[in-house]
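**Q** Have a look at this one before I ask anything.
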Amino acid sequence: MSPAPRGVRRRTGLVLVAAVALLSGCGGQGPASGPEGSTTGSGRPAAYSSASPATPRSEAPRAKKPRTSGAQPSLPPGDPGLTAPSVPDPGTAAASPQHERARRDVPGGALLDAETVSMALGGTWQRHAGGGDECVRPEGALGERTMSYGGTDAGVVAETVATYRDAAAADEAVKTLGEAAAGCGWKVGPDPRLGSASVAAEDGPRALLGVSAEGVVVLLVGRGDVTKDAARWGSLVDLALGTSCPAAPDGCH
């Protein structure tokens, strides 16, 4: 093939030069921003572009919706759930039980036995029913029992246990007992502060002490040296109060 004329070759070269220039201009323009490491059209990295990057929009956390499915949450074994009827708290103190009716018969075990008197006062003592001072006896009792203790040169002791309809009546009986003792010539002394009410009195070699506790009155009347020993007499009183428990409405106090 014969070569193209010079004019044709020149025009063809001009077209090629123009196309190259056009492609070079298009290739110099890049995106304004791109991934890390890309550049802008000015040749600077995208991170240093004059255009400020858009501030990312923060979204408020969405509240979780409650479960609406019909399935009930599992419960540990023995848990009846929130819909179960309430029951009393086991830690709550129960109401105080009502006392039984006052006893009209005083059990024999509510009074001291001879062995207990011997242990408290020393020596050998014997017990028999009855005795005491008729001038100083509990009044208005529902039930009453008296025992006397003797057999030694230390003296004689009489114990009376009486029951009343309630504690207030027993306390009033002790007050009346003190008034009766004063009327019989006894010298009423200071309140010994025993039980819910108490009274103490002396009459020469004799000593008297009455105490009420939970509807029961315990009266001790002693004569002789046994009443002069405060420690032994006080010990006998304590034992008599403890022994009188069976006469109380609920069996003990």
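Since every read-out is calculated from the coordinates, none of them should be taken as a lab result. All figures in this text were calculated on a predicted structure; none of them were measured in a lab. Positions of Cβ are generated from backbone atoms using ideal geometry, with glycine treated the same way; all protein chains shown enter the neighbour counts.
**Q** For a quick check: sort Glu159, Glu144, Glu139, Glu202 by the number of other beta carbons within 10 angstrom, fewest at the front.
**A** By the 10 Å Cβ count, ascending, the order reads Glu139, Glu202, Glu144, Glu159.
**Q** Students often check this: by mean Cβ neighbours within 10 Å, which of 177-190, 238-251 ranks highest, and how do the rest follow?
**A** Packing order, densest peptide first, comes out as 238-251, 177-190.
**Q** Same structure, new question: Taking the highest mean first, how do the peptides 124-131, 110-117 order by number of other beta carbon atoms within 10 angstrom per residue?
**A** 110-117, 124-131
**Q** Computed over the Cα atoms of the stretch 108-247, what is the convex hull's projected area averaged over all directions, in nm²?
**A** 7.1
**Q** Can you sort Met119, Met147 from fewest to most other Cβ atoms within 10 Å of each residue's own Cβ?
**A** Listed from fewest to most nearby Cβ atoms, that is Met119, Met147.
**Q** If you average the C-alpha positions of the stretch 209-248 and of the stretch 164-189 separately, how far apart do those two centres end up, in angstrom?
**A** Distance between centres, Cα-based: 15 Å.
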